[in-house]
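Asks: Pasting in a structure now, in structure tokens, and then I'll have a few things to ask.
The values are calculated or read from the model by the stated rules, or taken from the named source; none is laboratory data. None of the values given here were measured: they were computed from a predicted structure. Note that we place each Cβ from the backbone using ideal geometry, even for glycine, and neighbour counts take in every protein chain shown. Ligands, DNA and RNA are stripped out before the accessible areas are found, and what is left, the full protein with its side chains, is counted by its heavy atoms. Shrake-Rupley method; radii C 1.70, N 1.55, O 1.52, S 1.80 Å.
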Amino acid sequence: MAGRVPLETRAGDTGGVRNISSVTDGVDISKVDQIRVDSGGVNTSRVDTGCANSSGVNQPKNGGEALESALLQLGPFGPYQRYVLTLLCLPNIFAAMYSLNYVFVADSVPFRCLVPECEGAGVSFANASVSALQSSDPCRRYRPLGEGLSCAREDYHHRETLECDVFVYENYDTVYAEFGLACSEWRRTLVGSVRNAALPLALLLTGHVSDRWGRRTAFCVFSGCAGTLGLLKSFSLNYYMYVALEFLEAALGYGFGSAAYVMVVELARPSLRAPFACATGVAYGLGGVVFALLAWRVPRWRWLVRAAYAPALLLPLYRRLIDESPRWLHAAGHTQGAANVLRKAARWNKVTINEDILKSIIANEKNDTEEAEGKKRAVLPWSALVTSRPLLARLAACGWCWAAAAFVYYGLTINSVALSGDKYVNFALNMTMEMVASFLIMMSLERVGRKRTVLVAFLLCGVACITPFFVTHGGAGLGLYFAGKLAATAAFNSLYVFTTELFPTGVRARALTAASLLGRVGSVLAPQTPLLSKPVQALLYAACALSAALALLAVPETRREPLPH
């Protein structure tokens, strides 16, 4: 989850992101507030469903309520739901690879200065004689005393150095070596910042396409873009072409994971939305683990990118494998299509949906359209969000929490390859925390509460980031690092749910959009943290996490509270 599917397009990232505003498409939110979720499912006894039919079953008074009733009659987790959930979790494995591939593709490589006075063609990186001519600054070498010299140390100045013009790399497995980025560390870290800077554009595009032409269409279009641009990226001729394609691939390809998340959550009944969302988070973490294994087996960056992105070219085939979201079909006025999908799901699950309910979905199309238009005209403008002091205070608190969570999450993920030990193992363990966090928040959000879960996660993250500097044992420091990543992931993922419940219906989507976009500031800055020393990084992570915990004191708890109108 954390990873990252954006809010505005998924349920929303979330960034992620995941358009939480889209989850309620086709549903009268003012009536959802009246629905109580308990361990036995959804209790709709408080909802006025209109007059009863001849069989004694209350008839829903509009298509939205009829759709909800039909979805409940499908059962909680039948063969149809299992099939769709499995297919839509698979893309999250690829989404993790595409979001974080630059961690290995643009990884730094050991290098040294080329000494032209004593080295010719076919030089070797490991050369003891030449190593003695390198200064303590890896970007400088000792000045020669004349021309046509050997590699003997006495032929070079003992103190004076000059800047290196050419470098020799230990290997050419990454873009860092192939495009000559030695002593230009900022160009390496810029790759991640450029990618994350494209995510706001991806959020807007995904939301527009998903709401206008459907979730399945958005998924197929953006997954095809991801595969095509990702493969094209593997043929980059220089650094600038690579960075440009990184931006385009993120802007045009990031949204397929968001569209998949929306379809997953829209399919789930209210009591199962948390487990369904947890499944996508587990798949995302599993994708990171798989990518670490793939990067270990395929070290050359061009072949690694091709191996990761080629499967995305098959994802547009999902148009034949899965149905469009019935919620979107209903909200878009395709009520007959929504009824057909529900009938198909009922056949798979071997259940029977009350035919009168399906007829209500189709018959109430005109009334639902007029009601939707009335709600659209009644939606509160942006000014209602920024002129209300309580709402503005909540937005400021949520915005900072989003930015802090994104900064710490991406910062710890990116720097995991720089930890002591095997970088592939460290990255895999780092992404395993993603899966553990998904299970933890599924349990804690309902049992402990939204505010307390996020607050405790931020506090643990801050403490875990700063404590290693007071611990001498290396293993304990590494364990605290992963504990910090676990807490950051839990906080990041929990914010998706918490933010939606803090704002009234009229400004909920706008508040989610604003908070998610503020979070992108943190994800853009995070790739630059490798330029800082480890103590400075730890202080920044701890300060962001602890200050976000303080900001949460300004917002109320929302667990088991009705959504604000």
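Asks: Here's a check for you: in segment 167-197, which residue that is out of contact with any helix residue (DSSP H, G or I) (no Cβ under 8 Å at 6 or more places or on another chain) and part of a strand (DSSP E or B) is least open to solvent (accessible area, probe 1.4 Å)?
Replies: Among residues in segment 167-197 that are out of contact with any helix residue (DSSP H, G or I) (no Cβ under 8 Å at 6 or more places or on another chain) and part of a strand (DSSP E or B), the one least open to solvent (accessible area, probe 1.4 Å) is Val168.
Asks: Kindly provide the set of residues from segment 107-148 that are touching a Cys at 6+ places or on another chain (Cβ under 9 Å), in a strand (DSSP E or B) and open to solvent by 60 Å² or more (accessible area, probe 1.4 Å), ordered by number.
Replies: Selection gives Arg140 alone.
Asks: Which one is modelled with the highest pLDDT among residues in segment 85-142 that are among the hydroxyl-bearing types (Ser, Thr, Tyr) and farther than 26 Å from Gly192 by Cα?
Replies: Thr86
Asks: Ok, one more. In segment 244-267, which residues are at pLDDT 85 or above, buried (at least 20 other Cβ atoms within 10 Å of the Cβ) and out of contact with any Ser or Thr (no Cβ under 7 Å at 6 or more places or on another chain)?
Replies: The answer is Glu246, Glu249, Ala250, Ala251, Leu252, Gly253, Tyr254, Gly257, Ala260.
Asks: Next question, about the same structure. Tell me yes or no: at least one residue of segment 157-166 is surrounded by 14 or more Cβ atoms within 10 Å (Cβ to Cβ) and part of a helix (DSSP H, G or I).
Replies: No, segment 157-166 has no match at all.
Asks: Return the residue satisfying two criteria in turn: it lies in segment 200-218 and is open to solvent by less than 10 Å² (accessible area, probe 1.4 Å) and of a type in the set (A, V, I, L, M, F, W, C), and of such residues it is farthest from Ala338 (Cα to Cα).
Replies: Restricting to residues being open to solvent by less than 10 Å² (accessible area, probe 1.4 Å) and of a type in the set (A, V, I, L, M, F, W, C), the top hit is Ala202.
Asks: Right, here's the next one. Given the criterion modelled with pLDDT of 90 or more and over 30 Å from Thr174 (Cα atoms), identify the matching residue among Leu440, Leu392, Leu460.
Replies: On the way: Leu440 fails: modelled with pLDDT of 90 or more; Leu392 fails: modelled with pLDDT of 90 or more.
Exactly one residue qualifies, and that residue is Leu460.
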